[in-house]
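Student: I have a structure I would like to understand better, so I am pasting it below and will then ask my questions one at a time.
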Amino acid sequence: MKIKTGDLPGIGKRYSFATAEGEQLVVILHQAGHREIYHFADADQDDPDLVLKLSDEEARQLGTILLGVDYQPVADDRMELLLKSVRIEWIRVAPESELANKTILDSQVRGTTGATIIGIQRGDRMIGSPDVNEVIRPGDTLMIIGNREQTKSLESLCASCGSPASADTEKSAIIR
Amino acid sequence: MENIPFLLLGGLMLGGFFAVSFASWKFRLPSVLVYIILGIAAASLFHHADWIHITAEIGIVLLFFILGLEFPLARMVTVSKRIWPAGALDVGLNLGGAMGVALLFGLDLIAALTVGSIAYATSSSISAKLLDEHKRLANPEAEFILSLLIFEDLVAPVLVSFLAGVRAGDQVSAAFMGVLFGKILALTAGAVLIGLYGFRRLSHFVAKCLQHDFMPMLAVGLALGYAGLAVALGLSEILGAFLAGVMLSETGRSSELEHLLLPLRDLTLPFFFFWFGTTIQFGEGLPLVSLLGVLVLLAVVGKIVTAYAGGRWFGLNRKVALRAGFSMVQRGEFSAIIAGLASAQLRVFSGAYILATAVIGVFLFDRAPALAGWIHRRRPPPGADPSGLKNPEPPAAAP
């Protein structure tokens, strides 16, 4: 993929490239901070058929999502190796989960799954390396670490007991 | 008008500017034009308001200062390298052409040069706004159009300085011209030296102190000071302001400094266009109507040819270059600045010229893609696929 860059004096910078499907994407970074994404169905088209305007913050958020910072649907080999040994996941605790309303110690999280809870996000609050006596509440988002099997196992605990989402545990992982 | 307290008048004027500016944004009209028209309408009320002129002058200084901020020397060289053939054609055709026509109509050399300068530059503010509003910033011609505008912005301060110098002196002799050029060179060299050996070392200081209340003072002080120095030398404040911006851009903190000053510019600049409007009085009728007609025609044809040919040299394909051609007719703030230096008669003349070309320009800009497509289909380039899907130019070639 070849990205062409150009200066737009007084406005900002322009990046353009054609996707594998032959569509033309142009990204403009305005000096004022906002970004614009233009989409052309083919390179010869006069008018874009989509213009997306993003604030600085929105653009950065979108950027991290596209970069796959939190969630890698198709990881490359190197990433795959890393992911096999260490994964950090964010998981939401469903109300019907058997973890809900119990302390970490009571649930024997480490013993049954092998994964470790390294943080709990509760509303606006973030609890870093929580105590084993911390009570997990429904709606909490757990930050967990472990290898693939261990995190999968904990994920299924969090969303278990027949909730529709539990059929596909990958979906229940919160993508943030 | 004298009985109204200054504060009340200032408040009313800014309120009025807000109202017309908001309306022009809603109706997609160039706000520059709207301010000028407001000025023309209110001309009889503002005969001796010196403070408007002073505010206007500060606005112009800040406009060119901020323009200069975007041009560290290295960047100026890069842009100029790519655009100079188009830029030279622009000067020859639009400045030279209009000057020639004015001479043919019997104007003297200085008046003809003034007319040429008024006719020369496309409005940066109107063009940039139109590109953004019509969602054409992503198109390949945007880079070319903006670069050519920048080239004009580089020529403009020198041109204005030259005119200001000539106007102040009575005799135009070879020696006088030599001294004038010498002064322009000295002022420029001074700015380059201070920029390279002074401000380049201050990058850290500027970055560290940006949020302090004394930074705007440094920036505006430098802008007004160097602009004033230029005036003291008998040159234009515009050149001084632009060079002050170039100087400070060497700190590498242009965009942050720009953000500090933009509100100040936005407050003061409308006063310039308003003031310009108040100096236009159509009472004695429009002078030199036939010359005006010819020049407006030349303005349209000259810019279309310049932008088309220049665009081709820049590497645009035919259709895109055509689109660029129809997008640069509008004149605006630069013509108003030149006209501000001119005699009263020429001012009325240029007021009409700006209004006419701006309206035609906005209209053509709106139709540019359609017009370019139409011409492209009717007269396909020799040897090319008439469907217009294939372009002979390498930059646009399909993979």
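Since every read-out is calculated from the coordinates, none of them should be taken as a lab result. Just so it is clear, the structure is predicted and the values come from calculations on it, not from any experiment. For neighbour counting, all protein chains shown are included, and Cβ atoms are generated from backbone atoms with ideal geometry for every residue, glycine included.
Student: What order do you get for B:52, B:145 when you list them from fewest to most C-beta neighbours inside 10 Å?
Tutor: In increasing order of surrounding Cβ atoms, one gets B:52, B:145.
Student: Further question: Going by a ≥ b ≥ c, the root eigenvalues of the Cα gyration tensor, does chain B fall in the rounded group (a/c under 1.5), the prolate group (a/b larger than b/c) or the oblate group?
Tutor: Because its axes are fairly even, with a/c under 1.5, chain B counts as rounded.
Student: Something else about it: When only Cα pairs under 8 Å and 6 or more residues apart are kept, what is the percent relative contact order across region A:4-54?
Tutor: Values: 98 pairs, mean separation 12.7, N = 51.
Taking the mean separation of contacting Cα pairs over the length of region A:4-54, I get 25 percent.
Student: What value, in deg cm²/dmol to 500, does the helix sum -39500 (n - 2.57) over DSSP H runs of n ≥ 4 give at 222 nm once divided by the residues of chain B?
Tutor: Numbers: 17 runs with 294 residues, N = 399.
Theoretical 222 nm ellipticity from helices: -25000 deg cm²/dmol.
Student: Fewest to most neighbouring Cβ within 10 Å: what's the order for B:135, B:183?
Tutor: Numbers: B:135 14, B:183 17.
Final ranking by Cβ density, sparse to dense: B:135, B:183.
Student: Follow-up question, since we're still on this one. Could you check which residue among B:78, B:279, B:251 shows the biggest mean-square fluctuation in a GNM of chain B with a 10 Å Cα cutoff?
Tutor: Per the Cα network of chain B with a 10 Å cutoff, B:78 tops the list.
Student: Enter the mean number of other protein chain beta carbons within 10 Å of the beta carbon of each residue in B:141-147, as an integer.
Tutor: Average per residue, whole number: 4.
Student: Is region B:62-111 rounded, prolate or oblate when judged by the Cα gyration tensor, a ≥ b ≥ c being the square roots of its eigenvalues, rounded requiring a/c under 1.5 and prolate requiring a/b larger than b/c?
Tutor: oblate
Student: For region B:155-277, what is the convex hull volume of its Cα atoms per residue in Å³?
Tutor: 109
Student: Averaged over A:5-18, how many beta carbons belonging to a partner chain fall within 10 Å of each residue's beta carbon?
Tutor: Taking all residues of A:5-18 together, the mean is 5.
Student: Take the alpha carbon gyration tensor of the protein assembly as shown, find the square roots of its eigenvalues, order them as a ≥ b ≥ c, and report rounded if a/c is under 1.5; if not, report prolate when a/b exceeds b/c, else oblate.
Tutor: It comes out prolate by the Cα gyration axes.
Student: Counting other beta carbons within 10 Å of each residue's own, what order do B:379, B:82 fall into, fewest first?
Tutor: Taking fewest neighbouring Cβ atoms as first place, the list is B:379, B:82.
Student: List the longest stretch of chain B that has no exposed loop site; here a site is one of the chymotrypsin sites (Phe, Trp or Tyr not before Pro) assigned by DSSP to anything other than H, G, I, E or B, with at most 16 other Cβ within 10 Å.
Tutor: B:215-399
Student: Would you give the gap between the C-alpha center of region A:1-38 and the C-alpha center of region B:99-125, rounded to a whole Å?
Tutor: For region A:1-38 versus region B:99-125, the Cα centre distance is 38 Å.
Student: For region B:14-62, what are the per-bin percents of Cα-Cα distances with bins 5 Å wide, up to the bin holding the maximum?
Tutor: 5, 18, 23, 29, 18, 7, 1
Student: Below 8 Å between Cα atoms, with a sequence gap of 6+, how large is the relative contact order for chain B in percent?
Tutor: Reported as a whole number, the value is 28 percent.
Student: Sticking with this one: Please report the net charge: other residues with Cβ closer than 15 Å to the Cβ of residue B:136, K and R +1, D and E -1.
Tutor: Local charge sum for residue B:136: -2.
Student: Counting other Cβ atoms within 10 Å of each Cβ, which trypsin sites (Lys or Arg not before Pro) in region A:1-49 have at most 16 and sit in a DSSP loop?
Tutor: Those that pass, being in a loop and sparsely packed, are A:2.
Student: Next question. Would you tally the net charge around residue A:100, using a Cβ to Cβ cut-off of less than 14 Å, leaving residue A:100 out, and scoring K and R as +1, D and E as -1?
Tutor: Here the charged neighbours net out to -1.
Student: How high is the relative contact order of region B:63-168, in percent, with contacts defined as C-alpha pairs under 8 Å that are six or more residues apart?
Tutor: 29
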